[in-house]
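Throughout, read-outs are computed from the coordinates displayed, never taken from laboratory work. The shown structure was predicted, so the numbers you read here are calculated from the model rather than taken from an experiment. Virtual Cβ from ideal backbone geometry, glycine too; neighbours counted across all protein chains shown.
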Amino acid sequence: MPSGMTDSTATVLNLKQQVSAFAEERDWLQFHSPKNISMALAAESGELMEHFLWTESEASMERAQDPKRRIDIEDELADVVIYALEFANVTGIDLTAAIEAKMAKNATKYPVEKAKGRSDKYTEL
């Protein structure tokens, strides 16, 4: 199944199609409601977070680069993205359009002149 694609060669559409084909081949679409996929996405996010539980920020960066942990971390991140792509497939959301719209909203909520170098929520800027 590996196609040899990388971030620099893949498109969102390629990835969505690959995820969709995988689910279709297994007759899993019957289980892929927005509720179920969103819950699976949350569960996989928790599994990704588990790799960094109880670590400080700097230690979490080191842990993410640790060759012994890296494969497991990559697998969990892939699961998160796969479920996000499948959620977009199931609901008919154009992920690129949704991301662009959200980034525009974020740019308004977090203008550079107020937010640069700060981690405050937009209501606190």
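Being in contact (Cβ under 8 Å) with a residue 24 or more places away in the chain and closer than 14 Å to Gly92 by Cα is the filter here, so list the residues in region 6-17 that pass it. Walk me through it before giving the result.
Step one: list which residues in region 6-17 are in contact (Cβ under 8 Å) with a residue 24 or more places away in the chain, which gives 12, 15-16.
Of everything in region 6-17, those that are in contact (Cβ under 8 Å) with a residue 24 or more places away in the chain and closer than 14 Å to Gly92 by Cα turn out to be Val12, Lys16.
Do we have Ile73 as assigned to a loop (DSSP other than H, G, I, E, B), closer than 26 Å to Phe22 by Cβ and of a type outside the set (Ser, Thr, Tyr) here?
Values: assigned to a loop (DSSP other than H, G, I, E, B): no; closer than 26 Å to Phe22 by Cβ: yes; of a type outside the set (Ser, Thr, Tyr): yes.
No: the conditions fail for Ile73.
Name the single residue that is farthest from the chain's Cα centre (by Cα) among those in region 76-94 being assigned to a helix (DSSP H, G or I) and surrounded by fewer than 16 Cβ atoms within 10 Å (Cβ to Cβ).
Once the filter is applied, the top-ranked residue is Thr91.
Any idea which of Ser20, Ser3, Ser60 is in contact (Cβ under 8 Å) with a residue 12 or more places away in the chain and either surrounded by 11 or more Cβ atoms within 10 Å (Cβ to Cβ) or at positive phi (or both)?
Working: Ser3 fails: either surrounded by 11 or more Cβ atoms within 10 Å (Cβ to Cβ) or at positive phi (or both); Ser60 fails: in contact (Cβ under 8 Å) with a residue 12 or more places away in the chain.
Sole residue among the options that is in contact (Cβ under 8 Å) with a residue 12 or more places away in the chain and either surrounded by 11 or more Cβ atoms within 10 Å (Cβ to Cβ) or at positive phi (or both): Ser20.
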Subject >> Checklist (1) surrounded by 12 or more Cβ atoms within 10 Å (Cβ to Cβ); (2) closer than 19 Å to Asp7 by Cα applied to Ala97, failing item >> reply: (1)
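Is it the case that region 111-122 has a residue that's out of contact with any Lys or Arg (no Cβ under 7 Å at 6 or more places or on another chain), surrounded by 15 or more Cβ atoms within 10 Å (Cβ to Cβ) and assigned to a helix (DSSP H, G or I)? Walk me through how you get there before you give the answer.
Step one: filter region 111-122 for residues out of contact with any Lys or Arg (no Cβ under 7 Å at 6 or more places or on another chain), giving 111-121.
The next check asks that each one be surrounded by 15 or more Cβ atoms within 10 Å (Cβ to Cβ); those that pass are 115.
Okay, now just the ones that are also assigned to a helix (DSSP H, G or I), so 115.
Taking every residue of region 111-122 in turn, at least one turns out to be out of contact with any Lys or Arg (no Cβ under 7 Å at 6 or more places or on another chain), surrounded by 15 or more Cβ atoms within 10 Å (Cβ to Cβ) and assigned to a helix (DSSP H, G or I).
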Subject >> Index of the failed condition, Thr9 passing every other in (1) exposed (fewer than 13 other Cβ atoms within 10 Å of the Cβ); (2) under 15 Å from the mean Cα position of the chain (by Cα) >> reply: (2)
